[in-house]
Amino acid sequence: MSDIFQNVEPMVHESRISVPYHWWAGDTASRFFIDLRDSQKIMGTRCSKCSKTYVPPRKTCPTCFTPNDEWREVASQGTLISYTVVRRHQASLPKKPPIIYGLIQLEGADTAVLHIIDELKPEDVKIGMKVQAKFSSQRKGTMFDIEYFRPVH
Ligand SMILES: [Zn+2]
């Protein structure tokens, strides 16, 4: 095998590419997003074998591999089970930092959703606090149809 870098300094350049693309969310995620957009309902799927409700919905139970055929609406309110605070700006962030990202276990769900926590300062966030979804006024069928979660007062 020849050494292609013999007597050559390997040069590495940074660049950026923009690749527009579309993808189908699938039947399970599509139904979830349509209910968010059109009804402001947060729906999960339930495993009939181990009785867990998954939000976001899972087509198949990741624990026992049973198809999750039952849909259930869960509450738009839940408990903050963990969080982090992003303080460094990145182009991919939806807004200017600091941004609080939280894992929210909605009432009626056995799993948590990741979303932004807002309307409070990062130093006031507490694990275990109750939070409520604030739906966007213009919903498009994405996770940001929930604009963010805010503390329940
Ligand atoms: Zn199961």
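What is the calculated FRET efficiency for TRP23 to GLU119, with r their C-beta to C-beta distance and R₀ = 30 Å, to the nearest 0.05?
Result of the calculation: an efficiency of 0.40.
Angle check, please: helix 26-39 long axis (alpha carbons) against the longest principal axis of the chain (alpha carbons), in degrees 0 to 90, nearest 10.
Relative to the chain, helix 26-39 is tipped by roughly 60 degrees.
Looking only at the chain, where both bridge partners belong to it, what percent of the DSSP beta bridges are antiparallel (to the nearest 5)?
Counting only bridges with both partners in the chain, antiparallel ones make up about 95 percent.
Mind checking which of PRO57, PRO122, PRO97 has the largest fluctuation in a GNM of the chain, springs on alpha carbons under 10 Å?
Of PRO57, PRO122, PRO97, the Gaussian network model singles out PRO97 as fluctuating most.
Separation of the range 62-76 and the range 22-58 by C-alpha centroid, Å?
Using only Cα atoms, the two centres lie 8 Å from each other.
Could you list ARG150, ARG87 in order of exposure, starting from the residue whose Cβ has the fewest other Cβ atoms within 10 Å?
Fewest to most other Cβ atoms nearby, the residues stand as ARG87, ARG150.
Under 10 °C and 1.306 mPa s, how fast does the range 1-134 diffuse according to Stokes-Einstein, given a Kirkwood radius computed over C-alpha pairs? Answer in µm²/s, whole number.
Here the translational diffusion coefficient equals 88 µm²/s.
Just rank VAL125, VAL86, VAL19, VAL74, fewest to most, by other beta-carbon atoms within 10 angstrom.
With the fewest neighbours first, VAL125, VAL86, VAL19, VAL74 line up as VAL19, VAL86, VAL125, VAL74.
Relative contact order of the range 1-95: what whole-number percent is it, with Cα pairs under 8 angstrom and at least 6 residues apart?
Value for the range 1-95: 19 percent.
Below 13 angstrom from the Cβ of LEU36, what's the summed charge of the other residues (Lys, Arg +1; Asp, Glu -1)?
Here the count lands on +1.
Taking the beta-carbon count within 10 Å as an exposure proxy, list ILE104, ILE127 from fewest neighbours to most.
Result, fewest neighbours first: ILE127, ILE104.
With point charges of +1 on the Cβ of Lys and Arg and -1 on the Cβ of Asp and Glu, referenced to the Cα centre of the chain, which listed residue (TRP24, PRO151, TRP71) lies farthest in the positive direction of the dipole?
PRO151
Placing unit charges on C-beta atoms (Lys and Arg positive, Asp and Glu negative, everything else neutral), compute the dipole magnitude of the chain about its Cα centre in debye, rounded to 20.
For the chain, the charge dipole is close to 380 debye.
Every number here is computed from the coordinates shown, using simple stated rules; none is lab data. In this text, all values refer to a predicted model and were calculated from it rather than measured experimentally. Neighbour counts are summed over all protein chains in view; Cβ atoms, including those assigned to glycine, are modelled from backbone coordinates with ideal geometry.
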